[in-house]
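Notes for the one structure printed next.
No lab work stands behind these numbers, since they all come straight from the coordinates. These numbers come from a predicted model, not from an experiment. Using ideal geometry, Cβ is built from the backbone for each residue, glycine included, and neighbour counts are taken over all protein chains shown.
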Amino acid sequence: MTLVSSSNLTEPREAEQALRIARTHAGMATWAGTGPAGRVCRDCQYLPKPKDAPVKPAPCGKYTELMRGRRGEKVPPTADACKHFVERRRQ
């Protein structure tokens, strides 16, 4: 049996991953765009939101949890959601 190989067989995945890497901000728990389509960090419970104030860039709580307490860089609230996205409860 002979396996047919072509360099273009992996291009779509590589292009997709390159886009995720480009859209991922330092301090995110994992790759941007791996969460629910159209959702952003501002809607996630892991990005702190002061009561009665707009969401500002802040360290991701999931990143801090995964890094055993080490806080990461501040993540913009408009960043595409990652796979750890959990819907923020409405107050």
Point to revise | Contour excess over end-to-end distance, with Cα ends at LYS83 and ALA37 and 0.36 nm allotted per residue | key: 15.5 nm
Check your understanding: Taking only C-alpha pairs under 8 Å that are 6+ residues apart, what is the relative contact order of the chain in percent?
Key -> 36 percent
**Study point:** Amide proton proximity set for ALA58, modelled H, under 5 Å, gap of 5+
**Key:** VAL75
Point to revise | Selected from CYS60, THR34, ALA18, residue furthest toward positive end of dipole (the chain; charges at beta carbon) | key: CYS60
**Study point:** Per-residue [θ]222 nm for the chain (sum of -39500 (n - 2.57) over DSSP H runs n ≥ 4, rounded to 500)
**Key:** -6000 deg cm²/dmol
**Study point:** Helix 11-23 axis, angle to the chain major axis (alpha carbon atoms, nearest 10°)
**Key:** 20 degrees
Point to revise | Karplus-derived 3J(HN,Hα), 6.51/-1.76/1.60, for each residue of segment 26-40, Hz, glycine and proline x | key: 4, x, 7, 5, 7, 4, 5, x, 9, x, x, 4, x, 9, 10
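Which of the peptides 55-64, 31-40, 13-22 is most tightly packed, and how do the rest follow, going by the mean number of other Cβ atoms within 10 Å of each residue?
55-64, 31-40, 13-22
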